[in-house]
Amino acid sequence: MFNDIGPMELVTLVILAVLIFGPDKLPKLIQDVSAMIRKVRSFSETAKADIRAELGPEFKDFEFEDLNPKTFVRKQLMDNDDLGLKEIRNSFDLRKDMEEVADAVHGRESASAAPTTAANGSGGAAGPDLLKKREKLDPGERPPFDADAT
């Protein structure tokens, strides 16, 4: 709860507490706050026990921490490999994809695109040739139309 409070902040809080409540009232205040925290914890544990008792024996492994959305998703999706998520996650190779895009932009032949181009005889089936620009239209061919540009 107080993991991010450093020693200087703690000293500052103690000095402020002494100045605000006074040295004679501070011990009583600390006792009252700790008693209240104990009561809240016992109330929480009692409520959890009552809910578990009402749910019945089929929910004996139920943990209230699982209701946290992050914990729920982690438990259901990340640990459970029934969906094959690890295979899908491992199949993405962002570095390879970025190298292919960089090769296409710079006009180089990428290592993965070279076999498909050689096998096809033309680059048309593997994807559009971004570097080749046609100068003339074929007879009867309509000029390209871009609906977003008009």
Using r as the Cβ-Cβ distance of Arg108 and Asp146, and R0 as 30 Å, what FRET efficiency do you calculate, to the nearest 0.05? 0.65
Applying the Karplus parametrisation 6.51 cos²θ - 1.76 cosθ + 1.60 with θ = phi - 60° to the phi angles of region 60-69, what ³J(HN,Hα) value in whole Hz is obtained for each residue in order, glycine and proline being reported as x? 5, 8, 5, 10, 5, 5, 5, 6, 5, x
Under a point spin-label approximation (7 Å from Cα along Cα-to-Cβ), what is the Asp24-Arg52 distance to one decimal in nm? 4.7
Starting from the Cα of Met98, step 7 Å along the direction of its Cβ; do the same at Leu67; then give the gap between the two resulting points in nm. 4.2
Please calculate how many Å² of accessible area region 1-45 carries per residue, with a 1.4 Å probe and no DNA, RNA or ligand atoms counted. 95
Heavy-atom accessible area of region 20-60 with neighbours in place, 1.4 angstrom probe: carbon+sulfur share in percent works out to 65
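The values are calculated or read from the model by the stated rules, or taken from the named source; none is laboratory data. Predicted model, so just to flag it, every value in this text is computed and none were measured. Neighbour counts run over all protein chains shown; Cβ positions are idealised from the backbone, glycine included. Areas reflect the complete protein model, heavy atoms only, side chains present, ligands, DNA and RNA absent. Shrake-Rupley method; radii C 1.70, N 1.55, O 1.52, S 1.80 Å.
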